[in-house]
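Trainee: Below is a structure I'd like to ask you about.
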Amino acid sequence: MNFRHVLVTGGAGFIGSHTVDALIERGCKVRVFDNLEPQVHGGRETPPPYLNPEAEFIRGDVRDRAALKRALEGVDAVIHDAAMVGVGQSNYQVLRYTEVNVTGTATLLDLILTEKTKVERVLVASSMSIYGEGQYRRPSDGALVAPPPRPEAQMAAGDYAVRDPQTGEALEPVPTPETKPLHCTTIYALNKKDQEEYTLVTGRLHGLSTVALRFFNVYGPRQSLSNPYTGAAAIFMSRIKNGNRPLVYEDGGQSRDFISVRDVADAKLFVLNSPAAVHDVYNVCSGAPTGIADLARLLARLAGRPDLEPEIVGKYRAGDIRHCYGDGSKLAALGWRPKTPLDEGLRWLAEWSEREQAVDRVDAAHRELVERGLVRG
C-alpha cells in the first residue's frame with residue numbers, strides 16, 4: 001500500500017500533529033481537519049505553531065457534515081484521531097463526549113460510503129481504556145482472569161487490590177492482549193469502543209479497509225500542559241512546573257503502560273501501509289508497567305524538582321482501574337515494535353516543557369469531580 005493523500009482528523013492535536021509530521025517526512029500530501037478545541041488549544045483561532053506548514057489545514061467539527069465532506073475530497077486514506085479526551089470529564093459530559101466521539105465517527109463513515117469518496121483505508125484511534133482492568137493471573141493456580149471492576153465497599157475501605165471474585169485473593173497483573181474481554185468503566189471508554197466497532201463493522205460490510213489501534217498511555221511534547229483532563233505525564237509536568245506536588249489517587253501503586261508519541265506515530269504509519277492489518281485491532285504499547293507515583297517522581301527529578309513528592313490523596317475516582325499494561329506481540333508479529341525507552345521519552349517531554357507555559361488547573365478539576373461525587377473514599 002502506498003497512500004499519497006491522507007486526511008488526519010484531529011491533526012492539530014498532540015498525537016495527530018506528530019502523525020502529520022511523520023506522513024510528510026515520508027512524502028505524503030496531508031490535509032488536517034481540526035476544530036481547535038479550546039480545552040486543548042486555549043482559544044486559538046489559528047493552527048498551533050508546531051503544526052507542519054506543509055499540511056493543508058481546514059478548521060471544522062467532525063459533527064459538521066458539510067465541512068467534513070469538503071475535507072474528504074480527493075483523499076485516499078483517513079487517520080481518524082479527532083475525539084474529546086478526558087476519562088473523568090466524560091463521566092459528567094455524557095452527551096458532549098458521545099456526540100463528538102461516536103456521532104462524529106458515524107458521520108465520517110457515512111460520508112465515505114455515500115459520497116463516493118476515493119477513501120480506501122481508515123485507521124481509527126481507539127484506547128486501552130476499553131479493557132477496563134487489564135489481564136491478571138490468579139496466584140493459587142496460575143489461571144488467567146479478566147476481573148470485573150473493584151467493589152465500592154472494598155475501595156471505600158482503602159483496599160485497592162484487584163481480587164479474584166471467587167477466591168478473594170489478590171491477583172497479579174500480566175500483559176493485556178487484544179483478546180481480553182472488554183469492561184468499559186467510563187463514558188470515554190464506551191465511546192472509544194463504539195468508535196472502534198462502528199469503523200470495523202462498516203469496513204467488513206462494505207469492503208472498506210479499516211483498522212483500529214488501541215493506544216495505551218501516550219506521552220510527549222505538544223500534549224497540553226494546561227488541560228487537566230489529558231494524560232498523566234502532562235498533568236504531572238504541569239503541576240511540577242508550577243511548583244506543586246503531583247496529585248495521585250488511591251495509594252499511588254496503580255500502574256499503566258506509557259508509550260512515546262514518537263512510537264505511536266511510527267506505529268500508525270506502519271499499520272497504514274500494512275496489507276496484513278485489515279478489519280482488526282492492535283495494541284500500540286510499550287509492553288511494560290510503570291507505577292503512577294513512580295512516574296511522578298521520575299518527572300520531578302527530570303524537571304530538577306525532586307523535592308516535589310507526589311501528593312497521595314488516599315481517595316479514588318469512580319471508574320478508575322488498578323493495572324493495565326499491553327501485550328504488543330500481535331503488532332510485533334507484523335514487524336513493528338516500540339523503540340523509545342521510558343527515561344529517554346520522558347526526558348524529551350521534560351526538555352520541551354521547559355519552554356512551554358503551563359496553567360495548573362488540576363485542583364479545580366479535582367474539586368469538580370468531588371462536587372459531582374466522582375471522587376470517593
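The values are calculated or read from the model by the stated rules, or taken from the named source; none is laboratory data. None of the values given here were measured: they were computed from a predicted structure. Note that we place each Cβ from the backbone using ideal geometry, even for glycine, and neighbour counts take in every protein chain shown.
Trainee: Among the residues of the range 265-276, is any in contact with a Leu (Cβ under 8 Å, 6 or more places away or on another chain), under 18 Å from residue 348 (Cβ atoms) and of a type in the set (A, V, I, L, M, F, W, C)?
Mentor: Here is the first cut: in the range 265-276, the ones in contact with a Leu (Cβ under 8 Å, 6 or more places away or on another chain) are 267-272, 274, 276.
From what's left, under 18 Å from residue 348 (Cβ atoms): 267.
Restricting the remaining residues to those that are of a type in the set (A, V, I, L, M, F, W, C) gives 267.
Yes, the range 265-276 has at least one match.
Trainee: Take residue 92 and tell me if it is more than 18 Å from residue 271 (Cβ to Cβ) and in contact with a Ser or Thr (Cβ under 7 Å, 6 or more places away or on another chain).
Mentor: Answer is no for this residue.
Trainee: Kindly provide the set of residues from the range 202-234 that are in a helix (DSSP H, G or I) and either of a type in the set (S, T, N, Q) or surrounded by fewer than 24 Cβ atoms within 10 Å (Cβ to Cβ) (or both), ordered by number.
Mentor: So the first thing to find is which residues in the range 202-234 are in a helix (DSSP H, G or I), and the list is 202-206, 232-234.
Those that are in a helix (DSSP H, G or I) and either of a type in the set (S, T, N, Q) or surrounded by fewer than 24 Cβ atoms within 10 Å (Cβ to Cβ) (or both): 202, 203, 204, 205, 206, 232.
Trainee: Do you know which residues across the range 85-101 are of a type in the set (A, V, I, L, M, F, W, C) and free of Cβ contacts under 8 Å to residues at least 60 places away in the same chain? Give the steps one after another, and end with the answer.
Mentor: In the first step, residues of the range 85-101 are kept if they are of a type in the set (A, V, I, L, M, F, W, C); the result is 85, 87, 94-95, 100.
Once the filter is applied, which keeps residues that are of a type in the set (A, V, I, L, M, F, W, C) and free of Cβ contacts under 8 Å to residues at least 60 places away in the same chain, the range 85-101 yields 95, 100.
Trainee: Determine the pairs where a residue that is within 16 Å of residue 323 (Cα to Cα), located within the range 165-179, has a partner that is surrounded by fewer than 16 Cβ atoms within 10 Å (Cβ to Cβ) and of a type in the set (Lys, Arg) with Cβ atoms under 9 Å apart, the partner being 6 or more residues away or on another chain.
Mentor: Cβ pairs passing all conditions: 171/137; 172/137; 173/137; 174/137.
Trainee: If you scan the range 68-83, which residues turn out to be touching a residue at least 60 places away in the same chain (Cβ under 8 Å) and hydrophobic (A, V, I, L, M, F, W, C)?
Mentor: 71, 72, 75, 77, 78, 79, 82, 83
Trainee: Further question on the same structure: May I ask you to list the residues in the range 326-367 that are surrounded by fewer than 12 Cβ atoms within 10 Å (Cβ to Cβ), closer than 29 Å to residue 41 by Cβ and not charged (D, E, K, R)?
Mentor: 357, 364
Trainee: Right, something else. For the structure I just gave you, tell me whether residue 109 is out of contact with any Lys or Arg (no Cβ under 8 Å at 6 or more places or on another chain) and in contact (Cβ under 8 Å) with a residue 12 or more places away in the chain.
Mentor: Working: out of contact with any Lys or Arg (no Cβ under 8 Å at 6 or more places or on another chain): yes; in contact (Cβ under 8 Å) with a residue 12 or more places away in the chain: yes.
Yes.
Trainee: Another question, then. For residue 104, state whether it is modelled with pLDDT of 95 or more, out of contact with any helix residue (DSSP H, G or I) (no Cβ under 8 Å at 6 or more places or on another chain) and either in a loop (DSSP other than H, G, I, E, B) or crowded, with 24+ Cβ neighbours inside 10 Å (or both).
Mentor: Details: modelled with pLDDT of 95 or more: yes; out of contact with any helix residue (DSSP H, G or I) (no Cβ under 8 Å at 6 or more places or on another chain): yes; either in a loop (DSSP other than H, G, I, E, B) or crowded, with 24+ Cβ neighbours inside 10 Å (or both): yes.
Against the criterion (modelled with pLDDT of 95 or more, out of contact with any helix residue (DSSP H, G or I) (no Cβ under 8 Å at 6 or more places or on another chain) and either in a loop (DSSP other than H, G, I, E, B) or crowded, with 24+ Cβ neighbours inside 10 Å (or both)), residue 104 qualifies.
Trainee: Taking the condition of being surrounded by fewer than 19 Cβ atoms within 10 Å (Cβ to Cβ) and under 20 Å from residue 320 (Cβ atoms), how many residues in the range 280-289 meet it?
Mentor: Residues in the range 280-289 being surrounded by fewer than 19 Cβ atoms within 10 Å (Cβ to Cβ) and under 20 Å from residue 320 (Cβ atoms): 0 in total.
Trainee: Show me the strands (runs of 3 or more DSSP E) entirely contained within the range 107-181 in which 3 or more residues are modelled with pLDDT of 95 or more and within 25 Å of the chain's Cα centre (by Cα). Walk me through how you get there before you give the answer.
Mentor: Details: elements: 121-127, 135-137, 172-174.
Result: 121-127, 172-174.
Trainee: I've got another one for you. What single numbered condition from (1) at positive phi; (2) touching a residue at least 60 places away in the same chain (Cβ under 8 Å) fails to hold for residue 304?
Mentor: (2)
Trainee: Can I ask one more? Only one of these is surrounded by fewer than 17 Cβ atoms within 10 Å (Cβ to Cβ), small (Gly, Ala, Ser), in contact with a strand residue (DSSP E or B) (Cβ under 9 Å, 6 or more places away or on another chain) and without any contact (Cβ under 8 Å) to a residue 60 or more places away in the chain: 157, 143. Name it.
Mentor: 143
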